[in-house]
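Below: the structure, in structure tokens.
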Amino acid sequence: MTPRLEGKNISVTFGDILRKVEAVKNVDIALEPGQTIGIVGESGSGKSTLARVLAGIQVPTSGQVFYEGKNIWQGKVAYSGQMRKKVQMVFQDPYESLNPRMRAVHAVTEAVSFHQNVSGEEARNVALNLLERMGITGQDALKLPRALSGGQRQRVSVARALSASPEVLIADEPTSAIDQSAQSQLLRLFNELIADGLSIILVSHDLGVIRYLTERVYVMESGNFVEAGDTTQIFENPQMEYTQKLISSIPGHITKSR
Ligand SMILES: Nc1ncnc2c1ncn2[C@@H]1O[C@H](COP(=O)(O)OP(=O)(O)O)[C@@H](O)[C@H]1O
Ligand SMILES: [Mg+2]
């Protein structure tokens, strides 16, 4: 089976000869249709850089990204033509990606008009439906980003991403900037999207979230994958000391003594 999204031998180096940061070093990653995979690792390990490469936002220094077997880069453009809507990304802090002067419904309507072939009034209705699905209804849909809670802003951001009807959602620390109850709500939402068949790459340093949502986990340290496997196996029987440390740092987690 051809993976839905695949990164082959991806490397990203920042800086120049004097100050070189190898953020990602020769990693391979594959996302199967309908699968949810997690990328975990401590801060600075290269998770966001890799996520951005897979989303076509960051040009890799070397290596290739394939969407259903097709190179996502055609010249200097990533995800052009038929691939354009297929892969969408949401970020940790949607405050930065949302226009502060645009009300929720307008922000989503704009995305709907961009991605779908529908006119003004219809686009607005599609947007209102998407927002409703995200649990944002009534007056809340008419609010500016600053009047919404962090969790609501994150859900507006997800609504914008879903307006493209993507096959793949790449989420970079989607629950990190929001409080506990907003997190639970977002996790339930992601569960519904998974049930609907969306393929998801979830980047998080929160292993609780990763364990709850994903089937397969890639553990990243200093730009490398140190370990990858089924989520249950990684959490119950981590092979590498680095992974064991990450897992034992989960609040409330009791480490098995060996
Ligand atoms: N645009 C950039 N320019 C220079 N260095 C960067 C840039 N983006 C990330 N880095 C560096 O690459 C490494 C990996 O960063 P990042 O992918 O953001 O890690 P993570 O998401 O796991 O915290 C870090 O050392 C970071 O400082
Ligand atoms: Mg990051």
Report the gain in length on full extension from H106 to S80: 0.36 nm times residue separation, minus Cα-Cα distance, nm rounded to one decimal. 6.8 nm
Paired Rg and Dmax values of region 103-165, which use every Cα atom, in angstrom: 10.3, 31
Treat the chain as a sphere of radius equal to its Kirkwood radius over Cα pairs and apply Stokes-Einstein at 4 °C in a medium of 1.567 mPa s; give the translational diffusion coefficient in µm²/s, rounded to a whole number. 68
Evaluate the relative contact order of region 103-165 (contact order divided by residue number), counting alpha-carbon pairs under 8 angstrom at least 6 apart; express in whole percent. 47
Helix-only CD estimate at 222 nm, as mean residue ellipticity for the chain, using -39500 (n - 2.57) per DSSP H run (n ≥ 4): -10000 deg cm²/dmol
Are there any trypsin sites (Lys or Arg not before Pro) in region 55-156 that are in a DSSP loop and have at most 16 other Cβ atoms within 10 Å? List them by number. K76, R84, K85, R101
Listed pairs K20/K70; K47/K143; K47/K76; K20/K47; K47/K85 exceeding 21 Å between Cα atoms: K20/K70; K47/K143; K47/K76; K47/K85
Once each part is reduced to its C-alpha centroid, what is the distance from region 1-45 to region 156-173 in angstrom? 20
Rank these for me by crowding, F14, F225, going from fewest to most other beta carbons within 10 Å. F14, F225
FRET E, pair A147, E192, Förster distance 22 Å, beta-carbon r, rounded to 0.05: 0.30
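We did not get these values from a lab; they are worked out from the coordinates using the rules stated. Everything quoted here is computed from the prediction, not taken from an experiment. All Cβ positions, even for glycine, are placed from backbone atoms using ideal geometry, and neighbour counts span all protein chains on display.
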